[in-house]
Amino acid sequence: MKEKYVLEYSEDVVDEPIVYSLVKHFDVMVNILRAEISPGHEGSMLIEIESEPERLEQAEAFLRARDVRMIPIAQSLGFREAGCVDCGACTAVCFSGCLTIAAPDWKLHVDREQCTACGLCVPACPLGLFTLKFGN
C-alpha cells in the first residue's frame with residue numbers, strides 16, 4: 001500500500017529524526033518528494049510512504065502522537081473546476097501527469113494522486129484557479 005502526504009512539523013519536533021524513526025521502527029519505505037524544513041522553525045515535507053496496511057497504520061499513529069499533521073496530497077491541491085476554460089496552460093508545466101487534457105472531450109482532468117506539490121500550476125493558470133497547501 002502506498003500513500004502520499006504533506007507532513008507539517010511544528011517547531012517542537014522539527015529537530016527530531018521523524019523519517020528515520022518511520023523507517024527503523026515501522027519498516028516503511030519513505031520517499032521524500034519535497035521538503036521545506038528549518039531547524040527551530042516549522043516545516044513541511046511531501047512524502048510517499050509505502051508498506052503493508054498494518055505497518056502504515058502504526059506509522060501514521062506514530063506521526064499523530066508526535067503532533068505531525070498529515071494532509072493527504074489529494075487535499076493539498078485545490079482547484080476551482082467551475083471556472084476552468086480548459087485552456088491547458090497548467091498542463092504545460094505539470095511534469096507529474098496530474099493535469100492532463102486529451103481526446104475525446106478535451107477537458108482538463110486532475111489526478112491528485114499524481115501530484116507532487118511542485119506548485120507550478122498555481123502561477124501558470126491565467127484564471128488563478130489552483131491553490132496549493134505546502135510550506136509556510
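Every read-out reported here was derived from the displayed coordinates using simple, explicitly stated rules and does not represent laboratory data. Keep in mind the model is a prediction, meaning the values are calculated, not measured. Glycine gets a Cβ as well: all are built from the backbone with ideal geometry, and neighbour counts include every protein chain shown.
Points to keep in mind about this one:
- GNM flexibility winner over the chain from Gly83, Gly43, Gly97 (Cα, springs under 10 Å): Gly83
- Averaged over residues, the count of other Cβ atoms within 10 Å places the peptides 101-111, 64-74 in the sequence 64-74, 101-111, highest first.
- Other-chain or far-sequence residues with amide H under 5 Å of Leu132's (modelled H): Gly78
- Estimated from the Cβ-Cβ distance and a Förster radius of 30 angstrom, the FRET efficiency linking Val13 and Gln114 is about 0.55.
- Whole-Å distance, taken between Cα centres, linking segment 101-136 and segment 1-47: 24 Å
- FRET efficiency estimate (nearest 0.05) - Cβ-Cβ, Cys87 to Glu50, R0 35 angstrom: 0.50
- Scalar couplings 3J(HN,Hα) for segment 26-33, obtained by applying the Karplus form with A = 6.51, B = -1.76, C = 1.60 to θ = phi - 60°, are 10, 6, 10, 8, 10, 10, 7, 8 Hz; x denotes Gly and Pro.
- Gyration tensor verdict on segment 78-132 (Cα atoms; rounded if a/c is under 1.5, prolate if a/b is larger than b/c, oblate otherwise): oblate
- Taking all Cα pairs closer than 8 Å and separated by 6 or more residues, the relative contact order of segment 78-132 comes to 43 percent.
- Label-point gap, in nm, between Tyr20 and Ala102 - each point 7 angstrom along Cα→Cβ: 4.3 nm
- Within the shell defined by Cβ-Cβ distances under 12 Å, the residues around Asn31 carry a net charge of 0, with Lys and Arg each +1 and Asp and Glu each -1.
- Segment Arg66-Phe95, length gained on full extension (0.36 nm per residue, minus Cα span): 7.1 nm
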